[in-house]
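Chemist: This structure is in structure tokens; I'll ask about it shortly.
The values are calculated or read from the model by the stated rules, or taken from the named source; none is laboratory data. Treat the numbers as computed from the prediction; the structure is a model and nothing was measured. Positions of Cβ are generated from backbone atoms using ideal geometry, with glycine treated the same way; all protein chains shown enter the neighbour counts. We work out accessible area using only protein heavy atoms, side chains counted, and drop any ligands, DNA or RNA first. Shrake-Rupley method; radii C 1.70, N 1.55, O 1.52, S 1.80 Å.
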Amino acid sequence: MIDFHCHLDLFPDPRAVAAECRALGIETLSVTTTPSAWRGTTALAVGAPRIRTALGLHPQLAFERRSELRLFDQFLPETMFVGEIGLDGSPKYQAPWTHQVEVFQHILCACEDAGGRILSVHSRRAATPVLDALAAAPGTGTAILHWFSGTQSEVTRAASDGHWFSINAAMLAHARGRQLITRMPPDRVLTETDGPFTLTQGRSTRPRDVAATVVGLAEVWHVTVADVAQRLSTNLARLLSTTAGVIGDVRTQTT
Ligand code: MN
């Protein structure tokens with residue numbers, strides 16, 4: 001199982017959820033929403049190599065936490081994974097839009113300077129500005145568009161720009177989302193839950209619930225569940241291998 005975008009640190013009992021990921025061998029990307037959450041969230045992954053912690057500054061917090069960019073720059077050499085970052089074009093976040101863009105661009109530049117990273121990117125109501133920003137920073141690394149909800153033409157552009165996608169159950173729950181998924185290259189797709197911010201049977205989604213998304217993908221792709229699991233596993237291995245040289249650099253810097 002692969003849950004490549006969840007917020008372990010924001011569950012009521014983060015240690016229990018992390019222990020569950022470890023026990024089940026779930027390949028997990030544990031994203032953060034502020035740089036100040038970095039230390040505490042990495043502690044959840046100690047002794048659990050399949051839990052990878054991502055350094056983030058969520059676009060909905062970018063305005064109030066922009067002073068934490070200094071911390072972001074400080075911690076970036078410690079990790080290959082960055083997220084949750086991006087832009088949010090919802091009406092509520094329009095006022096601090098300029099700051100959101102500045103924070104996102106700062107992060108992309110920092111990733112470029114660091115030799116590239118794997119990014120988990122939020123683009124709600126902001127797919128085109130996110131794609132434009134990524135196109136302007138080609139050395140950023142590999143962007144995984146998390147819970148992509150743009151238009152059909154935006155998903156086509158994102159695919160042709162070479163980006164990856166992480167798919168969750170909410171995207172599979174409606175025809176429009178399923179149609180977007182059919183336009184995503186299957187060899188650049190991973191699964192995610194975005195737990196605890198999504199619900200499964202009325203409770204917060206946990207990483208193990210990602211199994212339902214594998215079943216849903218099998219229906220959309222008209223293949224077996226085992227085929228999907230194999231495909232996702234191959235994708236993840238390829239994603240991680242492309243960064244092997246940079247990961248070596250990161251380890252050198254931190255040891
Ligand atoms: Mn999220």
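Chemist: Within region 208-219, is there a residue that is at positive phi and exposed (fewer than 13 other Cβ atoms within 10 Å of the Cβ)?
Modeler: Looking through region 208-219, none of the residues is at positive phi and exposed (fewer than 13 other Cβ atoms within 10 Å of the Cβ).
Chemist: Restricting attention to region 9-43, and to residues there that are part of a loop (DSSP other than H, G, I, E, B) and within 16 Å of the ligand (Cβ to nearest atom), which single residue is nearest to R238 (Cα to Cα)?
Modeler: V31
Chemist: Right, here's the next one. Restricting to region 118-153, and then to whatever is touching a residue at least 60 places away in the same chain (Cβ under 8 Å) and more than 13 Å from F104 (Cα to Cα), can you tell me which residue is surrounded by the fewest Cβ atoms within 10 Å (Cβ to Cβ)?
Modeler: T142
Chemist: If you scan region 66-108, which residues turn out to be at pLDDT 95 or above and open to solvent by 70 Å² or more (accessible area, probe 1.4 Å)?
Modeler: S67, R70, Q74, E78, E102, Q105
Chemist: Then there is this: Report yes if D3 is of a type in the set (D, E, K, R), within 13 Å of the ligand (Cβ to nearest atom), outside any helix (DSSP H, G or I) and in contact with a helix residue (DSSP H, G or I) (Cβ under 8 Å, 6 or more places away or on another chain), otherwise no. Before the answer, list the steps.
Modeler: Working: of a type in the set (D, E, K, R): yes; within 13 Å of the ligand (Cβ to nearest atom): yes; outside any helix (DSSP H, G or I): yes; in contact with a helix residue (DSSP H, G or I) (Cβ under 8 Å, 6 or more places away or on another chain): yes.
So D3 passes the test.
Chemist: Follow-up question, since we're still on this one. Of everything in region 80-129 that's within 14 Å of the chain's Cα centre (by Cα) and away from the ligand (no atom under 16 Å from the Cβ), which residue is nearest to D161 (Cα to Cα)?
Modeler: So, considering only residues that are within 14 Å of the chain's Cα centre (by Cα) and away from the ligand (no atom under 16 Å from the Cβ), the one nearest to D161 (Cα to Cα) is R117.
Chemist: Run P196 past the list (1) open to solvent by less than 10 Å² (accessible area, probe 1.4 Å); (2) within 14 Å of the ligand (Cβ to nearest atom) and report the number of the one that doesn't hold.
Modeler: (1)
Chemist: Pairs needed: first member in region 70-84, farther than 18 Å from V121 by Cβ; second member anywhere, of a type in the set (G, A, S); C-beta distance under 9 Å; at least 6 residues apart or different chains.
Modeler: From residues that are farther than 18 Å from V121 by Cβ, the pairs are L71/S36; D73/A110; P77/A114.
Chemist: Which residue pairs have Cβ atoms closer than 8 Å, lie 6 or more positions apart in sequence or on different chains, and pair a first residue in region 18-35 that is within 22 Å of V121 (Cβ to Cβ) with a second residue that is more than 13 Å from the ligand (Cβ to nearest atom) and of a type in the set (D, E)?
Modeler: Hits for this filter: I26/E20; T34/E68; P35/E68.
Chemist: Are any of the residues in region 168-184 outside any loop (DSSP other than H, G, I, E, B), under 16 Å from the mean Cα position of the chain (by Cα) and either at pLDDT below 95 or not hydrophobic (A, V, I, L, M, F, W, C) (or both)?
Modeler: Among the residues of region 168-184, not one is outside any loop (DSSP other than H, G, I, E, B), under 16 Å from the mean Cα position of the chain (by Cα) and either at pLDDT below 95 or not hydrophobic (A, V, I, L, M, F, W, C) (or both), which makes the answer no.
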